[in-house]
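Asks: Take a look at the following structure, please.
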Amino acid sequence: MWRPWTKTPSRIHDTTSQFSCSSFKDIQNLCTEDPVPTTNILTKKPSIFHRAPRPQPDTSSFDANKNLPQPQDLEPLQPPKISIPGAEKRIVVYFTSLRVVRSTFEDCKSVRSILRAFRVQVDERDLSMDSSFVNELQVILGVGQGKLTLPRVFIGGRYIGGAEEIRQLHETGELKMFVEGLPTADIGACDVCGGYSFLLCNDCDGSHKMYTEKAGGFKSCTVCNENGLIRCPSCSFPPFSTV
Ligand SMILES: [Zn+2]
Ligand SMILES: [Zn+2]
């Protein structure tokens, strides 16, 4: 019973030796053919190893990172985007003092009175007094002129919303929480401008035109805005850098 077992291994050895010979032949054949391909393989292998494992997961992970957080972060990133750097310590209200649209005028009036009651510094920017406020607000909100609705309120540099948002926040008491962080300020009509935030231009007497003999006629006053007004140096805030 043991003999055939011992015999078979010997046969197997023979066969294996034969196989090994054949395999060696294959290797020899490969080796003879190798010189050209091995260099290619050798040069390819490291390049593949370097390229495949490193950049592929990197690019995929970068793509994943780029694709995944972008839509997710878009929503939380939007509020900070609509903000005014440099206006962190006050309320900024873009409004109009014109009665062209009654509802808008009433909204602006009520929002201003709500905000003034908190006795913090309110930076009121009347779009009807200075067209540069229109451009400023357009850039800040990233909307076209046709889509601008007034009033627009920023508290602590953060965009809050319009009349509806302010009324709702005021009714729920949340508005007070927004304003609480701001430093208190003495509110009262400015002695210099009477609370209008603007003064009549001295250079052109409010005409926004200046006669120059050199030009042989009138030219626009470079000191004031299109309404012949200059911002009150005592109470008005500088324009925001909306670059
Ligand atoms: Zn002027
Ligand atoms: Zn003033």
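Asks: Would you check if R152 is open to solvent by less than 60 Å² (accessible area, probe 1.4 Å), modelled with pLDDT of 95 or more and in the same structural domain as V101 (by TED's automatic domain parsing)?
Replies: Yes; evaluated as a whole, the condition is true for this residue.
Asks: What is the number of the single condition among (1) part of a strand (DSSP E or B); (2) buried (at least 18 other Cβ atoms within 10 Å of the Cβ); (3) within 16 Å of ligand 1 (Cβ to nearest atom) that C193 does not meet?
Replies: (1)
Asks: Given the conditions (1) at pLDDT 90 or above; (2) open to solvent by less than 30 Å² (accessible area, probe 1.4 Å); (3) of a type outside the set (D, E), report the number of the one that A185 does not fulfil.
Replies: The single condition A185 does not satisfy is (1).
Asks: Can you tell which of I160, I140, I91, I155 is more than 23 Å from R231 (Cβ to Cβ) and away from ligand 1 (no atom under 16 Å from the Cβ)?
Replies: Every option except I160 fails the conditions.
Asks: Output the number of residues of the range 203-223 satisfying the condition of being free of Cβ contacts under 8 Å to residues at least 24 places away in the same chain, within 14 Å of ligand 1 (Cβ to nearest atom) and assigned to a loop (DSSP other than H, G, I, E, B).
Replies: The total comes to 8.
Asks: Determine whether Q121 is open to solvent by 20 Å² or more (accessible area, probe 1.4 Å), closer than 26 Å to C201 by Cβ and under 21 Å from the mean Cα position of the chain (by Cα). Let's see the steps before the verdict.
Replies: Working: open to solvent by 20 Å² or more (accessible area, probe 1.4 Å): yes; closer than 26 Å to C201 by Cβ: yes; under 21 Å from the mean Cα position of the chain (by Cα): no.
No.
Asks: Failed condition for C235, given (1) within 16 Å of ligand 1 (Cβ to nearest atom); (2) open to solvent by 40 Å² or more (accessible area, probe 1.4 Å), with all others met?
Replies: (1) is the only condition that C235 fails.
Asks: (1) in a loop (DSSP other than H, G, I, E, B); (2) without any contact (Cβ under 8 Å) to a residue 40 or more places away in the chain: which one isn't true of A87, the others all being true?
Replies: Unmet condition: (2).
Asks: Suppose we filter E174, E165, E124, E136 for residues that are more than 16 Å from ligand 2 (Cβ to nearest atom), closer than 21 Å to F237 by Cα and among the acidic types (D, E); which single one remains?
Replies: Every option except E136 fails the conditions.
Asks: Return the residues of the range 183-226 that are more than 16 Å from ligand 2 (Cβ to nearest atom) and under 35 Å from the mean Cα position of the chain (by Cα); say none if nothing qualifies.
Replies: P183, T184, T222, V223, E226
Asks: Can you tell me which residue is farthest from R116 (Cα to Cα) among those in the range 227-241 that are away from ligand 2 (no atom under 11 Å from the Cβ) and touching a Leu at 6+ places or on another chain (Cβ under 9 Å)?
Replies: Ranking the candidates gives G228 first.
Asks: A follow-up question, please. Do you know which residues across the range 141-165 are in contact (Cβ under 8 Å) with a residue 24 or more places away in the chain and either more than 19 Å from the chain's Cα centre (by Cα) or under 11 Å from D107 (Cβ atoms) (or both)? Give the steps one after another, and end with the answer.
Replies: Just the residues of the range 141-165 that are in contact (Cβ under 8 Å) with a residue 24 or more places away in the chain, to begin with: 141-142, 149-159, 162-163.
Of everything in the range 141-165, those that are in contact (Cβ under 8 Å) with a residue 24 or more places away in the chain and either more than 19 Å from the chain's Cα centre (by Cα) or under 11 Å from D107 (Cβ atoms) (or both) turn out to be T149, L150, P151, R152, V153, G162, A163.
The values are calculated or read from the model by the stated rules, or taken from the named source; none is laboratory data. This one's a predicted model, so the numbers in the text were calculated from it and none came from an experiment. All Cβ positions, even for glycine, are placed from backbone atoms using ideal geometry, and neighbour counts span all protein chains on display. The area values use the complete protein model at the heavy-atom level, side chains included, leaving out ligands, DNA and RNA. Shrake-Rupley method; radii C 1.70, N 1.55, O 1.52, S 1.80 Å.
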